[in-house]
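Everything on this sheet refers to the single structure shown next.
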Amino acid sequence: MATLGAHEGKHKVTVVGSGNWGTTIAKVVAENTKEHPDLFEPEVQMWVYEEEITIPEASKLHDSSSEYSTEKHKLTTLINYFHENVKYLPNITLPHNITANPSLQDSVKDSTILIFNLPHQFIDKLCDQMKGSVLPYARGVSCIKGVSVSSEDIKLFSESIGEKLGIYVGALSGANIANEVALEKFSETTVAYDPPPMDSRNPTPKEGRTPQASQLDLTQITEHKDSSGLKSKVRLIPQPFGLPPLDHQLIHTLFHRPYFHVHVVSDVAGVSLGGALKNIVALAAGFVAGLEWGDNAKAAIMRIGLLEMRKFGKMFFESSVRTATFTEESAGVADLITSCSSGRNYRCAKMSVERKVSIAEVEKSELNGQMLQGTSTAHEVYGFLKARGKEDEFPLLTSTYRILQGEAKVEDLPNLVAKPNEF
């Protein structure tokens, strides 16, 4: 890849979140910031929700004669001393240029690129805490899969964060099982980042005039469109000209590794929807697997599900969604395949049929009562579709909801998803 040239400044990167996937992403980007000191400050800040633990006996770092194994210490202390997140990503050595920081405000201070990787239910609270500490021209990438759905509208997590902090935020999603990525097993991901026009380094000629005659200075534009094609509520501040331009090439440089291949696109809505809707399809795949209907049945569910995911995107995000995002990207078809093969939604749905109990009972016994993303998303998406009279146009999404509600049987799925006008 060609270099981006010399620049006065460098991007500083912070990862907000330090769970299993957050720590893995921090590892990936820290390897790249160290390899590209012309573009990035090598140090990567990783915000850690502070807690006190001892090193578990199962850890390779456990030493019964060490105080770290016999007494509780702060998690940030352990990460920075051992260069390992002993609780959330055990036995994976982290680059030494990752600094675990318990202060959310301090960790994001002066960072020009923020990578968000935390449970979606904490977005509002943590964004409120970050206000005033985030640079006004910072940019972000959300690794939080899914979308926020109500009967009124659909909100991308990336846009929710962006509106809270007054910055532009893209999205990363794909067939990415965190432990496999951390172990550097080959995988792919999709990063959706639509560079705001004010960040452009190439002024666009005004309509009807030659570039020599008149040019439009994009850095003076503060407005941009959201994923619905409407004017965004956020008025952006351009990134300083001295920083390397934050375009697709730089995003690729930040995330791509020999074991973690990255494809950068502009379709933030498609990437976000793929990460949400595939969980509903995975439930349906788990249902038929529980009946031992075989791979043909599961493949049929996946095919129908993929078509409905694509249709949903084009129907409700027509101005920005690309159908190819669902059929060609890791965030679409690849993530769907993984989720319908070994994901938590798939496994729990399969158990519910095998045990002849409800999904809620499986959630209680296997997840300590935590609700699966697929079940919550199925309820939300059904409410959204019903409010618009569109539920019959998405038979698989609707049938999965009805099965969860006890209004339909899994055995009836073939009839429920059959559409007379499908051919």
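The values are calculated or read from the model by the stated rules, or taken from the named source; none is laboratory data. The model shown is predicted, which means the values in this text are computed figures rather than measured ones. Don't worry about glycine lacking a Cβ; one is built from the backbone with ideal geometry, like all the others, and counts go over all protein chains shown. Protein only, heavy atoms only, side chains kept; ligands, DNA and RNA dropped before computing areas. Shrake-Rupley method; radii C 1.70, N 1.55, O 1.52, S 1.80 Å.
Of note, Glu67 satisfies the criterion of being without any contact (Cβ under 8 Å) to a residue 12 or more places away in the chain and of a type in the set (D, E, K, R).
Identify the residue in the range 83-135 that is within 29 Å of Val147 (Cα to Cα), of a type in the set (D, E, K, R) and out of contact with any strand residue (DSSP E or B) (no Cβ under 9 Å at 6 or more places or on another chain) and, among all such residues, is surrounded by the fewest Cβ atoms within 10 Å (Cβ to Cβ). For the range 83-135, the residue satisfying everything is Lys125. Would you say Ala299 is on the phi < 0 side of the Ramachandran plot and in contact with a Ser or Thr (Cβ under 6 Å, 6 or more places away or on another chain)? When the stated conditions are applied, Ala299 does not pass them. Per the listing Ile280, Ile237, the residue uniquely open to solvent by less than 30 Å² (accessible area, probe 1.4 Å) and either in contact (Cβ under 8 Å) with a residue 24 or more places away in the chain or more than 15 Å from the chain's Cα centre (by Cα) (or both) is Ile280.
Considering the range 71-111 alone, what residues qualify as being touching a Pro at 6+ places or on another chain (Cβ under 6 Å) and either in a strand (DSSP E or B) or among the acidic types (Asp, Glu) (or both)?
First, pick out the residues of the range 71-111 that are touching a Pro at 6+ places or on another chain (Cβ under 6 Å): 76, 97.
None - no residue of the range 71-111 is touching a Pro at 6+ places or on another chain (Cβ under 6 Å) and either in a strand (DSSP E or B) or among the acidic types (Asp, Glu) (or both), so the list stays empty.
Filtered by the rule that a residue be within 22 Å of Ser320 (Cα to Cα), β-branched (Val, Ile, Thr) and either assigned to a loop (DSSP other than H, G, I, E, B) or open to solvent by 70 Å² or more (accessible area, probe 1.4 Å) (or both), the range 162-190 gives a lone residue, Ile167. For the residues Asn20, Asn32, the requirement of being open to solvent by 40 Å² or more (accessible area, probe 1.4 Å) and touching a helix residue (DSSP H, G or I) at 6+ places or on another chain (Cβ under 8 Å) singles out Asn20.
Pick from Ala331, Ala349, Ala360: which is closer than 21 Å to Ala269 by Cβ and of a type in the set (A, V, I, L, M, F, W, C)? Walk me through how you get there before you give the answer.
Details: Ala349 fails: closer than 21 Å to Ala269 by Cβ; Ala360 fails: closer than 21 Å to Ala269 by Cβ.
Only one candidate qualifies: Ala331.
Within the range 41-56, not a single residue is modelled with pLDDT of 95 or more, surrounded by 21 or more Cβ atoms within 10 Å (Cβ to Cβ) and over 23 Å from the mean Cα position of the chain (by Cα). Report yes if Asn80 is open to solvent by less than 30 Å² (accessible area, probe 1.4 Å) and modelled with pLDDT of 95 or more, otherwise no. When the stated conditions are applied, Asn80 does not pass them.
Among the criteria (1) more than 30 Å from Leu39 (Cα to Cα); (2) in contact (Cβ under 8 Å) with a residue 40 or more places away in the chain; (3) open to solvent by 20 Å² or more (accessible area, probe 1.4 Å), the one His261 does not fulfil is (1). Identify the residue in the range 238-265 that is out of contact with any helix residue (DSSP H, G or I) (no Cβ under 8 Å at 6 or more places or on another chain) and at pLDDT below 95 and, among all such residues, is farthest from Glu8 (Cα to Cα). The selected residue is Pro240.
So which residues in the range 268-298 are farther than 13 Å from Val417 by Cβ, of a type in the set (Gly, Ala, Ser) and part of a helix (DSSP H, G or I), if there are any at all? The answer is Ala269, Gly270, Ser272, Gly274, Gly275, Ala276, Ala282, Gly286, Ala289, Gly290. Counting the residues of the range 369-415 that are open to solvent by 50 Å² or more (accessible area, probe 1.4 Å), hydrophobic (A, V, I, L, M, F, W, C) and part of a helix (DSSP H, G or I) gives 1. Scanning the range 321-368 for residues that are in a helix (DSSP H, G or I), loosely packed, with under 15 Cβ neighbours inside 10 Å and β-branched (Val, Ile, Thr) yields one hit, Thr327.
Selection of the range 75-113 for residues being of a type in the set (Lys, Arg) and under 9 Å from Val48 (Cβ atoms) yields an empty set.
Within the span defined as the range 137-146, one or more residues are open to solvent by 50 Å² or more (accessible area, probe 1.4 Å), assigned to a loop (DSSP other than H, G, I, E, B), out of contact with any Lys or Arg (no Cβ under 9 Å at 6 or more places or on another chain) and of a type in the set (Ser, Thr, Tyr). Criterion applied to Ser352, Ser376 was being out of contact with any His (no Cβ under 8 Å at 6 or more places or on another chain) and in contact (Cβ under 8 Å) with a residue 12 or more places away in the chain, and the one residue passing it is Ser352.
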